[in-house]
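K.L.:
This is the structure I have questions about; it appears just below.
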Ligand SMILES: [Zn+2]
């Protein structure tokens, strides 16, 4: 009998994704570091606060497309309120106004989100789902490398300021479990506030260039896992049906097999 285990893209067993909030000017420096190392991130942005000048100045609307090219632009609500304290109609406006502003700029459907202040309620989640939000990140750190059961309650592995950051990275790199996921989040202004850009530089240097890691945005991981979860295996484990458009990869008796979208793939 075949032993069938899903992997990430191209048979990779691990994925690393980064997640940064608020659309602030320090994101430019952070993205330079990510790009230098081939690391991908998702940037959660408030479409009603472009150019806002307060403690942590925000990027202007005209800068967004260029600054975040190659990474994911994602929602963070229009004006950064506590969503669970708003009337449902206000939640709708907060998300749709943000989504519209970002989509106008980026030219793609913006489907991701992180919760402002990390807070939410079940009612907020119901509304977000109805508005086409596919995932939403909390501010909870798990210290683990699992994939989320519910992407609307997507907890991170850790914040970049976590003392365990490099230890967790080493543990992640040493792990040989399929579908390990390391998810790191923060705000890029923290590197200025704490004068510790070296933390992220060192992390990226150590995380980069591993042939067994898929460096992906949040939405790429959501899309891949969703496609994987839709696959159906035949009862005798000799065929896999992948109803989605994109390829899914599986390790069958130790051999990597690509299961193309819309096809039945023979596993023997
Ligand atoms: Zn925020």
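K.L.:
Only one of (1) without any contact (Cβ under 8 Å) to a residue 12 or more places away in the chain; (2) exposed (fewer than 12 other Cβ atoms within 10 Å of the Cβ) is not met by residue 234, so which one is it?
P.N.:
Going through (1) without any contact (Cβ under 8 Å) to a residue 12 or more places away in the chain; (2) exposed (fewer than 12 other Cβ atoms within 10 Å of the Cβ) one by one, residue 234 breaks only (2).
K.L.:
Could I ask something else about it? Out of the residues in segment 1-23 meeting the condition of being in a strand (DSSP E or B) and over 22 Å from residue 140 (Cβ atoms), tell me which one is nearest to the chain's Cα centre (by Cα).
P.N.:
7
K.L.:
Looking only at residues in segment 108-120 that are assigned to a loop (DSSP other than H, G, I, E, B) and in contact with a helix residue (DSSP H, G or I) (Cβ under 8 Å, 6 or more places away or on another chain), which one is farthest from the ligand (Cβ to nearest atom)?
P.N.:
Per the criteria, the residue is 109.
K.L.:
Separate question: Quick check, is residue 30 away from the ligand (no atom under 16 Å from the Cβ) and outside any loop (DSSP other than H, G, I, E, B)?
P.N.:
No: the conditions fail for residue 30.
K.L.:
Okay, moving on. If a residue has to be farther than 20 Å from residue 139 by Cα and either buried (at least 17 other Cβ atoms within 10 Å of the Cβ) or out of contact with any strand residue (DSSP E or B) (no Cβ under 9 Å at 6 or more places or on another chain) (or both) to count, how many in segment 177-199 make the cut?
P.N.:
Counting residues in segment 177-199 that are farther than 20 Å from residue 139 by Cα and either buried (at least 17 other Cβ atoms within 10 Å of the Cβ) or out of contact with any strand residue (DSSP E or B) (no Cβ under 9 Å at 6 or more places or on another chain) (or both) gives 6.
K.L.:
For segment 201-229, name all the residues that are farther than 21 Å from residue 242 by Cα, touching a strand residue (DSSP E or B) at 6+ places or on another chain (Cβ under 8 Å) and part of a helix (DSSP H, G or I).
P.N.:
203, 207, 218
K.L.:
Restricted to segment 69-91, and to residues that are in a loop (DSSP other than H, G, I, E, B) and more than 16 Å from the ligand (Cβ to nearest atom), which residue is nearest to residue 106 (Cα to Cα)?
P.N.:
69
Bear in mind these aren't lab numbers, they're just calculated from the coordinates by the rules spelled out. Remember, it's a predicted structure, so these values are computed and weren't measured experimentally. A quick note on method: Cβ atoms are made from the backbone with ideal geometry, for glycine too, and the neighbour counts reach across all protein chains shown.
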